[in-house]
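To start, the structure under review is shown below, and the notes come after it.
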Amino acid sequence: MQTFHADVIIVGAGGAGLSAGIAVAEQDPSLRVALVSKVYPMRSHTVAAEGGAAAVIRAPDTLEDHFRDTVSGGDWLCDQDAVDLFVAEAPKALTRLEHWGCPWSRAEDGRVQVRSFGGMKNERTWFAADKSGFHILHTLFQTSQRFPSIQRFDEVYALDLLVAEGAVGGLTGLSMQTGEAMVLLAPSVIIATGGAGRVFPFTTNGAIKTGDGMAMAYRAGVALKDIEFMQYHPTGLPGTGILITEGARGEGGILVNKDGYRYLQDYNLGPPDPWPRRKAMEMGPRDRLSQAFWHEQKKGRTIKTSAGDDVVHLDIRKLGEKFIDERLPMVRELSRAYVGVDPVVAPIPVRPVVHYTMGGIDTNIDTATDLAGLYAAGECACVSINGANRLGSNSLTEILVFGTRAGLQAADRARSQVDRPATNWDAQIQASFGKVSGLMARTAGNESIVGLRGQLHGLMEGAAGIYREDAPLRAACAEIAGLRRRYRELAISDHSKVFNTQLFQALELGAMLEIGEAMVHSALARRESRGAHQRLDFPQRDDVQFLHHSIARSGGQDAPSIEHKPVNISRWPPGERVYGGAAK
Ligand SMILES: Cc1cc2nc3c(=O)[nH]c(=O)nc-3n(C[C@H](O)[C@H](O)[C@H](O)COP(=O)(O)OP(=O)(O)OC[C@H]3O[C@@H](n4cnc5c(N)ncnc54)[C@H](O)[C@@H]3O)c2cc1C
């Protein structure tokens, strides 16, 4: 077993983790940073982001508009102090990226170009063609390499936090390359492990997004906040779930049903848009667009693909080949490769797909959890600026703003802990690796990864999909508890040490079961409809009883407890949810 000492450990080398690492290194080059990632950093999911990152750039846009779009889009579940901080920091974060070399797309006059995204009053989304995530991650990765104090632990799987006397002291991990056990010790730990879309069967999320970091915190007693809110993106490719960016609609693409009818005009996506370019329609928020699809499907107005999927059509033909190649090259590449459709000449089949985890590890505005020394940032965290529904393109900016903030906080704490007495972690280390050796030792068992995962997927989609209601959620709570019991009997057939992908899939499944459990229990307790959480049995938003954050705490092998926490409503009281032109 190898042991490493650092000042700050960061789990996750996506946009949030790299931003945090750079912030620590810039703040104090004498602090040793351990950057742990289960994949090579450039393979983190941030790389897949297409459309762009939101920040106010020029008139007529204002910070107030960005604040209001975000709070209203989040159906008032956002903490308004966090949103205020976020919108003010956003332009600085994107400009800093520009200085580090991020090639933002530009207008004819040389200024940074912005595009519109759903639920926004003004054009506010900075982009690098439709490969924004790739360029952002690449810029961060190359910048991080300037700092010798950042030591990378690529292809190391973080297992469990080490906790004593109400404070975190490090974590256990496994080298994926060699199977070797590792212990990393530090007074500050930042979790930046991204979302948990893989808890659902049909998702845009990469295979690595299994919620490991959220589960790690949850097991250590830290709460998951608003974890019932999962965002469906209205335009994924059937079969694979690959995303067709909202940028395609932002640039003028339209959605039509099997009759070629622009069905969104029949749905309430907010009042008519005063913004002269067009009505909300395709630029309505993602939750409402996904719900509209569900209704079209029920009315039999969707299109059946040869593989049996129900889809609608996204038509961008009117943009023309030159424009598509310049602004949306990846949309063209993806549709040709994965559904055999060239969007220059034919509409793209699309359907809603699980996309983004609004909830996550409960943090305060400074990214701190209630476990001393533990911070969380990025999609795994709930700080909370996304409320009940995230606005597209806010999260790439969120990982920069709050990743940096986590780095600065963690650095401060590390400096204040230099004289901390050493703790004996042996028992916790043994317990953590004991789980792994238990899995490896079981040679026979009735349970398989594929079997348990498939059942979890079925339960999540059936009970906690676009629409939810009491009976299926209640049944899912009981059945996931059963799956967690059966998980303890899981046996794996591969007992090799080197890149044992079966072992890591088993560990990821354990995390997904824990997150799935927290999701269904939180969804059952929220007896109202708000943002991405729509209950057929409670169709109205209920501010009297439910304008609060859900706080799920693990009960170990028992059901989690679901408590409440007030929402910070510092200056804009709840109102009707409106888009593209909230009254000032
Ligand atoms: C297809 C797609 C397109 C998107 N497009 C946009 C967009 O245009 N605009 C926008 O704002 N947002 C977009 N998003 C959302 C946005 O990209 C993500 O929310 C954001 O990039 C998450 O960054 P992150 O740093 O929090 O996590 P990630 O980039 O997911 O990184 C997570 C890191 O954690 C590590 N990790 C996880 N578990 C472990 C473990 N057990 N041990 C060690 N390491 C671990 C991984 O190796 C990885 O390095 C998109 C998302 C998807 C899926």
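The values are calculated or read from the model by the stated rules, or taken from the named source; none is laboratory data. Treat the numbers as computed from the prediction; the structure is a model and nothing was measured. Neighbour counts are summed over all protein chains in view; Cβ atoms, including those assigned to glycine, are modelled from backbone coordinates with ideal geometry. Calculation scope for accessible area: heavy atoms of the full protein, side chains included, ligands and nucleic acids excluded. Shrake-Rupley method; radii C 1.70, N 1.55, O 1.52, S 1.80 Å.
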> From the list GLU508, GLU517, which residue is in a helix (DSSP H, G or I) and either within 16 Å of the ligand (Cβ to nearest atom) or in the same structural domain as ALA223 (by TED's automatic domain parsing) (or both)?
Replying inline: GLU508
>> I'd like the residue in segment 171-192 that is part of a strand (DSSP E or B) and of a type in the set (Ser, Thr, Tyr) and, out of all such residues, is surrounded by the most Cβ atoms within 10 Å (Cβ to Cβ).
In response: SER188
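State whether the residues of segment 423-431 include one that is outside any helix (DSSP H, G or I), open to solvent by 20 Å² or more (accessible area, probe 1.4 Å) and not aromatic (Phe, Trp, Tyr).
Looking for residues that are outside any helix (DSSP H, G or I), open to solvent by 20 Å² or more (accessible area, probe 1.4 Å) and not aromatic (Phe, Trp, Tyr), one finds at least one in segment 423-431, hence yes.
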>> Out of the residues in segment 432-465 meeting the condition of being part of a loop (DSSP other than H, G, I, E, B) and open to solvent by 30 Å² or more (accessible area, probe 1.4 Å), tell me which one is farthest from THR172 (Cα to Cα).
In response: ASN446
> Does GLU489 satisfy being acidic (Asp, Glu) and surrounded by 17 or more Cβ atoms within 10 Å (Cβ to Cβ)?
Replying inline: no
> Restricting to segment 193-208, what's the tally of residues that are open to solvent by 10 Å² or more (accessible area, probe 1.4 Å) and near the ligand (Cβ under 7 Å from one of its atoms)?
Replying inline: 5
>> Is it the case, given these coordinates, that ALA34 is in contact (Cβ under 8 Å) with a residue 12 or more places away in the chain, in contact with a Phe, Trp or Tyr (Cβ under 8 Å, 6 or more places away or on another chain) and more than 22 Å from CYS382 (Cβ to Cβ)?
In response: yes
>> Restricting to segment 298-314, count the residues that are open to solvent by 30 Å² or more (accessible area, probe 1.4 Å) and either small (Gly, Ala, Ser) or more than 27 Å from the chain's Cα centre (by Cα) (or both).
In response: 10
>> Checking the conditions here, which among ARG390, ARG420 is part of a loop (DSSP other than H, G, I, E, B), within 16 Å of the ligand (Cβ to nearest atom) and modelled with pLDDT under 95?
In response: ARG390
>> Let me confirm something: among ALA381, ALA372, which residue is more than 17 Å from GLU89 (Cα to Cα) and away from the ligand (no atom under 12 Å from the Cβ)?
In response: ALA372
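One line per residue, one yes/no per condition, for (1) closer than 30 Å to PHE546 by Cα; (2) open to solvent by less than 30 Å² (accessible area, probe 1.4 Å):
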position: TRP76; (1), (2): yes, yes
position: ALA93; (1), (2): no, yes
position: PRO103; (1), (2): no, no
position: GLU108; (1), (2): no, no
position: MET120; (1), (2): yes, yes
position: PHE127; (1), (2): no, yes
position: LEU140; (1), (2): no, yes
